[in-house]
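The values are calculated or read from the model by the stated rules, or taken from the named source; none is laboratory data. Bear in mind the structure is a predicted one, so any value in this text is a computation, not a measurement. With ideal geometry, Cβ positions are generated from the backbone for all residues, glycine too; neighbour counts draw on all protein chains shown. Calculation scope for accessible area: heavy atoms of the full protein, side chains included, ligands and nucleic acids excluded. Shrake-Rupley method; radii C 1.70, N 1.55, O 1.52, S 1.80 Å.
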Amino acid sequence: MAVAEFTCTPTSYIINKPNPHHHCSSQLSYATNRISKNLLSYSFRPYPRAQNASICCSVKEAQAPVGLQIDDPKRKPECYGVFCLTYDLKAEEETKSWKKLINIAVSGAAGMISNHLLFKLASGEVFGPDQPIALKLLGSERSFQALEGVAMELEDSLYPLLREVSIGIDPYEVFQDVEWALLIGAKPRGPGMERADLLDINGQIFAEQGKALNAVASRNVKVIVVGNPCNTNALICLKNAPNIPAKNFHALTRLDENRAKCQLALKAGVFYDKVSNVTIWGNHSTTQVPDFVNARINGLPVKEVIKDTKWLEEEFTEKVQKRGGALIQKWGRSSAASTAVSVVDAIKSLVNPTPEGDWFSSGVYTAGNPYGIAEDIVFSMPCRSKGDGDYELVKDVIIDDFLRERIKKSEAELLAEKRCVAHLTGEGIAVCDLPEDTMLPGEM
C-alpha cells in the first residue's frame, strides 16, 4: 500500500473582502478496497475548493497503485474525496446489471431537509437497488464548509450506489447534465417580512437557477421545487427555462397530502395505508384545499366512513394546515425529516407506476388542465404516472360546489402572486396586491 500526502494552499479566495490564505493538508491512502468484488480503474480529480480559489498541491510520495491514472485536472469537474475515484462499472461482475448513472442536483444541500434526504437518495431507497447515482450539491459561500461536512458523512456511509459527489456554489457548474434537480434552498421568512418580500427575494434565487438549468441541465430534467413559496417559485423557475418542458416542473405539496392521509386515518381509526385518492388542490399555503370529496378509505368514499361532515369541512383542513406549526410547538424545530420523506414520495410517484385507481398530488403547470383552473400558474392537482418520470392529470374526479369555492380562492391567490413576480417571469412590471398573509404556520 502506498500513501500519497498532499499539502494544498488556496491562494485567491474572492468573497468581496481581502484575500485570506487558508492552508489544508490531507492524506489519501490507496488500499485494496472492495466495492463489489474488485476495485478497478481509477482516475484522480482535484480536491474541491471554494469558487475562484486556486489550489497548489505538492506530492511527497508519488507511488500509485496499479490502475491509478493521473488525468489533466482541467478536464475533470470538481469532486469530493473518495468520490474522485472513478470505477469502471462495465468490468465489475456484480454491477453488470446496474442501470446507467443518473445525475441528481440538490440545492440547499447543507440544510436540515437535505441532511435527511441525501442519505435516502444514496441508499437506493428512491431510485432502486440497481441504480447508481451522482449527487451534485449546491450551497453558498457561507455554507461551503458545511457542504464539505455533508460530503464527508456520505463518504463514511459507504453507499455502493453513490458513485460521485461534487459540491459547489455556482448553479451553472453544479447543474451540468443533471436529470433531477431538487431545489430545496431558499431564504426563510424572518420577523416582519411581508410575503411579497419573500416572493421577490426567493424569486430571484429561482430565476437564476431556472436560467442555469436551461443552459446546462439535461433537456428532460425533472425539477421539484421545495423552497417556499414553492408554487410561485416553480413558476418563476420554469419561465426562466424555456428550453425545458414546463410539464417537468413540480412544486412539492406531497407533505400536505401525507398529512391529510394521516388525519383521515386517525379520524376513521384505520392505518394510513387504507387511505387513497387524496388530493391537495391549489397553493402550498393556508388556501390549500385538502380534498375529502374524492378521497377513499378501504375503497369507500370518505363521507361513507366518516359521517362527521362538520369535522370534514372545517377541522380537517385546519389540522392539515396547522400541522407544521403544532410540530414546532412540540420540539422547537420545523418538519425537516417528514419534508424529506415527502420529497422521496414525490420522486417515487414519478418513477414507479401509480397503483390502479389511485393518484398523487403535485403542484404542476396548469396549461390544458381539465378542471377549468386558470392557465399559466403552478397549481397542485391530482396526477397519475406510468413510472417514466412523466405524469398525466386525473380526469375522473368530482368537483362539487364546496371544493370549487375553495379552489377558486387558492387560484386567486396564485394569480396575485404571479402578478407580484412579473418582473422575474418576463411579463412586465410587478404589481403586488396580495389579499392576505397566507403563509402556513411553521414556515415563518
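For the reader, a short list of remarks on this structure follows.
- Cross-chain or 6+ apart pairs with Cβ under 6 Å, the range 336-356 first and closer than 19 Å to V394 by Cβ, then assigned to a strand (DSSP E or B) and among the basic types (K, R): P353/K386; T354/R384
- Qualifying residue in the range 289-299 (condition: under 22 Å from the mean Cα position of the chain (by Cα) and either open to solvent by less than 50 Å² (accessible area, probe 1.4 Å) or in contact (Cβ under 8 Å) with a residue 12 or more places away in the chain (or both)): no
- Residue identified as within 17 Å of the chain's Cα centre (by Cα), buried (at least 19 other Cβ atoms within 10 Å of the Cβ) and farther than 23 Å from L350 by Cα among I205, I184: I205
- Per the listing V431, V397, the residue uniquely crowded, with 18+ Cβ neighbours inside 10 Å, in contact (Cβ under 8 Å) with a residue 12 or more places away in the chain and assigned to a loop (DSSP other than H, G, I, E, B) is V397.
- Residues in the range 294-310 that are part of a loop (DSSP other than H, G, I, E, B), over 15 Å from S380 (Cβ atoms) and aliphatic (A, V, I, L, M): I306 alone.
- Among the candidates S166, S157, S123, S114, residue that is under 23 Å from L252 (Cβ atoms), among the hydroxyl-bearing types (S, T, Y) and open to solvent by less than 50 Å² (accessible area, probe 1.4 Å): S114
- Any chance K267 is touching an Asp or Glu at 6+ places or on another chain (Cβ under 8 Å) and over 29 Å from D388 (Cβ atoms): yes
- Here E315 passes the criteria (1) surrounded by 19 or more Cβ atoms within 10 Å (Cβ to Cβ); (2) modelled with pLDDT of 95 or more except the one numbered (1).
- Contact map, the range 198-214: first residue touching a residue at least 24 places away in the same chain (Cβ under 8 Å), second residue part of a helix (DSSP H, G or I) and open to solvent by 50 Å² or more (accessible area, probe 1.4 Å), Cβ cut-off under 6 Å, separation 6 or more or different chains; pairs are A212/Y172.
- Residue within the range 363-379 that is modelled with pLDDT of 95 or more, out of contact with any Pro (no Cβ under 7 Å at 6 or more places or on another chain), outside any loop (DSSP other than H, G, I, E, B) and over 14 Å from A246 (Cα atoms) present: no
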